[in-house]
Every structure is written in C-alpha cells, then in structure tokens.
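Okay, so here's the structure we're looking at.
What follows is calculated from the coordinates using simple rules that are stated; it is not laboratory data. No experiment lies behind these values; they were computed from the predicted model shown. When we count neighbours, we look across all protein chains shown, and the Cβ atoms used for this are built from the backbone with ideal geometry, even at glycine.
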Amino acid sequence: MTSYDLTEILRKLLCLPAESELVEFKEAKTTFDSDKLGEYFSALSNEANLKSAQEAWLVFGVNNAQEVVGTAFRADPVKLQSLTKEIADHCTNRLTFRGIHELTHEGKRVILFEIPPATAGYPTAWKGHHYGRDGESLGPLNTDERHRIEGKFQQQLSFERGIAYSNASTSHVLALLDWEKYFHLFKYPAITDGAQEIISRLVKDKAVIRANGSLQITNLGAVLFARDLRQFEQLAYKGMRIILYEGTGRTGGKRETKGQMGYAIGFEKAIDWLNERLPSVEEIHSVRRETVPMYPLRAVRELIANALIHQDFTVSGSTLMVEVFDNRIEITNPGTPLINVLEFINHISVSRNEAIAATMQLFDFCELRGSGIDRVVEECEKHQLPAPDFIRGDNYTQAILYAPRPLREMDRRDKIRACYQHACLKHANGQQMTNQSFRERMGIAEKNYSIASRIIADTIEEGLIRPYDPENKSKKHAKYTPVFH
C-alpha cells in the first residue's frame, strides 16, 4: 500500500464512532504484551470471518479517545516485521498479519496491523485458545460463533453436492451433459441399455441424483461434464479464460478464449490451445539447435489443473484466469488457499472441492497426493527458470511462472524465493540443500560460490531456512533445511 492509501485507511478508522469487533486502538507507547497481541489477533481474525469482512485492524499509537498519540513500539523495522513469524508460530494454520504498516500522521508514528479473517472452517486460535469480541471487549470465542466459523467450511464442501439444474427429464440430462465424453473418460464399456444405462452411471458417480420423481444435475456433474456451462445459471461465468498479451502489461491484449465446457471434458482442449500459442526459445546443443517451449509444459498443466480444482465456487464475480505476458504467466483462481502459500511444497493434499479433485486425478489431469507443486518447482529448477511465485490475495490465489532471466536481473526477493523452494524440494526428497546444490540450481559457477553464500545468508535472515546442523562450523560442508511456516 502507498502512504496515501494508509493515511486514508487511518483517517476512516479514526472517524468511526467507537471501536468495534473489527477495530481496536491501543496507545502502546513503548511496549505491548506479546500474548495480549496474539489474543487480539485471534479475536479480530475470528470477528472478520463472522462478519464476512476482508480484514480487521489493530492500531498502535492511538488512544481510547481515538486521538493520535504516537508509538515507539518496536522502532526497529526488522524487529517489527518479525512479529509476522511470532504470530504465525502460535496461531491456527500459521495464520498471521497480512501486513504491518508504519506511517507518520501529524508528525507521530502509527502502526496499522492488517489482520485477515479466519480461514473458513478453522477459527483462529492463539496458543490453543480461541478469542472473540463483544463490542469493544476481548474475551473467549463463544460456542455459537465457533460453530458458525466451522460451518462455513461445510457450506463450501457442500457445493459439489448442490443442485445446478433441477427437475430435469432424461432428455434434458443427456442434452446438457456430454455423456459420450463422460463414458470415454471413465473407460466405461459400450452402452447396451440406452438412456437408462447412461442415467444410472451418472447417478452412481453423483453427477445426477433422483429426487421427487425427477432428475437433478449436481454442481459436480455440471462443473465437470457440462456441454456448455452457460446453461447453468450459477456456473455461467465459471469457464476458464485465457488471455494473451503483447508486452508485460494488460493494455495490449491480442487474443482471448473463454472455455464453456465442463472442466473434465474441456481441459485437454484448453491446454492444447494454450500450448500451441506459448512462446518458444532456441536451445543450442553440441550438435544441433532445438526449439523448446519457454515454459515447462508439465508445470503449466499442473498449475492450471490445481487452479481449476481448488477454486472457491462460492466467490461471485470472478473466474479462473490464465494470462500470458512476454515475461510471465499468471494463473489466478477465486478464493484464498486453505494452507499457507509457503507450505505449498511437500504439503499433503488439501482441497475444498474433494470430489472434483478426485475425479480430475482419476483422469490423470492433476496430482492428488499433494506433489503437484513439487513437480512445478522441480520443472522450473530443471530448466533454471526463476522460482515460481505463489500469492495469497484478498479473495484469490495466484501462481506465477516467469520467463528465463539471468541471475543478474533477479532481485533479492527472486533469489530468496528460489533458495527457499530449493531447500523445500531437497527436504521433500529426503536431502538437504548445500551451497553446491543451490549453485547448480541457479547456474552459478563454482568460482562464484560466494554469490550463493550471500543468497543463502539472506534467506536465513528472512527466517525461511536454517542450518541443518548448527554445530557444524564449516561453511564449505554446511547443509540447510527449510523453516516451515
């Protein structure tokens, strides 16, 4: 956020008639109890979930009369930002501040702690205890509120069982669902009993249910097997969009396609369309030149499949987007991830759409074991591409693949991200990262080992990796392991 944005946020908060379930002001002149800070984080996070708010705010440097008095709390920026890890270490799902913002207002220092809502289904706890708010008061989260937060996850899980099209006849079902492709994907034997055999199969796989003497097409059936998603009111805008741009910005769109078929029957077609249009590069081998895709196709395919199955279908007004620029591919899906983006590598599979995920995996469109992101990172390392980026937005998740770029053109964040992901991948394979393994990953010559050492040191400083054996004083033989968040 810019200084102007932060000033506007503070101004609006100061104009409120009083503190609320979503806003708390504290003077915090020089110090503030860390446990109390964690309790406020838990309470404000839970209240943001209950009120379907995008965030809650804890403000230091403002008294109860909502007058700016300034704060000297953790004046060192490094120590201030380290609160992010301190909160994550003791909170559910390692949830932490979305941002810790410093600004100067009327010559006085103010800190704005931006707190995300609790993840659907998981009330935010601080050291095992759940907190909430009654107006301006801090206290335990009551049983009803806890059940409401937990129930939101059940609402999301029930999407697949929801009805996309009700009171359908047999002919309606056969017209709306591509049963031919459905039979092909499941490798079912040839039909011998006509329409009723088709319907029986669809009912067995929960794509269709029988109710009150008629047929109902479930969201699961429509999302995966619809001939045209636009025929289903709630799914009309859930088709995947692919946009190709000229340049690195969004002002030069040159081509676009909008998928209208269900994901299972349209996935390969969408991937083929994209692959035919992705840029290529020429690699020079010892005896020949070879034209290869700029991006590893396995990585592109895995990220798109992940975005399709992990999206939050309850988010309205947005759809899955694949945007191709000259220097990157951005894949964005509605809904925040259920786990911390730093844990994407080597994490067990977690999906809000379990039946969709299981079916797509059955067709070999994606991984179900949680190894999909590992494969993406592995492909980027194999081709010595910049490390992919994974971003948790306000109500979206984004994965970015970057085009080839020399080390000298990577910024500090790019290098640290590559180092952390390399350590995670080594850990997933039962190994540890070394200076040598990281040099090989980044294409750094042995004589320039100090460059790798500097990046490793920066990554340790960020709290993302640590020495595997702290007692080993030899830099040459040092090994490193990730710090999981």
Two-decimal ratio, the chain, of alpha-carbon radius of gyration to 2.2 N^0.38 Å: 1.10
Straight-line reach from residue 36: which lysines have Cα under 17 Å away, leaving out those fewer than 8 places along the same chain? 26, 85, 127
For the stretch 38-111, run through the GluC sites (Glu not before Pro) and keep only the ones in DSSP coil with at most 16 other Cβ atoms within 10 Å of their Cβ. 67, 106
Say R0 is 45 Å: what FRET efficiency, to the nearest 0.05, do residue 251 and residue 85 get from their beta-carbon distance? 0.70
For residue 314 and residue 214, compute 0.36 nm times the residue count separating them, minus their Cα-Cα distance, and round to one decimal in nm. 33.4 nm
Per DSSP H run of n ≥ 4, the term is -39500 (n - 2.57); total these for the chain, divide by its residue number, and report the mean residue ellipticity at 222 nm rounded to 500 deg cm²/dmol. -10500 deg cm²/dmol
Could you list log10 I(q)/I(0) for the stretch 76-217 at q = 0.10, 0.13, 0.15 Å⁻¹, which the Debye formula gives when each Cα is one point scatterer? -0.63, -0.75, -0.84
4 °C / 1.567 mPa s Stokes-Einstein diffusion coefficient of the stretch 143-295, Kirkwood radius on C-alpha pairs, µm²/s: 70
Where Rh denotes the Kirkwood radius from the mean inverse Cα pair distance, what is Rg over Rh for the stretch 70-127? 1.05
To the nearest whole percent, what portion of all C-alpha pairs in the stretch 230-304 is separated by more than 14 angstrom? 70
In vacuo Debye sum over C-alpha of the stretch 162-233, base-10 log of normalised intensity I(q)/I(0) at q = 0.11, 0.20, 0.23 Å⁻¹, listed in q order, is -0.22, -0.75, -1.00
proj_area_mean for the stretch 3-152 (convex hull on C-alpha atoms), units nm², value 8.1
DSSP loop (so not H, G, I, E, B), at most 12 other Cβ within 10 Å: list which GluC sites (Glu not before Pro) in the stretch 183-274 pass both filters. 246
Mean projected area in nm² (Cα convex hull; one quarter of hull surface) for the stretch 413-485: 4.6
In nanometres, the difference between 0.36 nm per residue of separation and the alpha-carbon distance of residue 339 and residue 453 is 38.0 nm
As an exercise, identify the chymotrypsin sites (Phe, Trp or Tyr not before Pro) in the stretch 181-250 lying in DSSP coil whose Cβ has no more than 14 other Cβ atoms within 10 Å. 237
Checking the table 187/254; 382/447; 29/475; 187/382; 382/475; 204/238 against a 31 Å threshold on Cα-Cα, which pairs fail? 187/254; 29/475; 187/382
May I ask for the net charge around residue 341, where only other residues with Cβ less than 10 Å from the Cβ of residue 341 are counted and Lys, Arg are +1 while Asp, Glu are -1? -1
Label points 7 Å out from Cα along the Cβ direction at residue 35 and residue 275: separation in nm? 5.8
Per the 1/(1 + (r/R0)^6) rule, R0 = 30 Å and r from the Cβ atoms of residue 204 and residue 236, FRET efficiency to 0.05 is 0.65
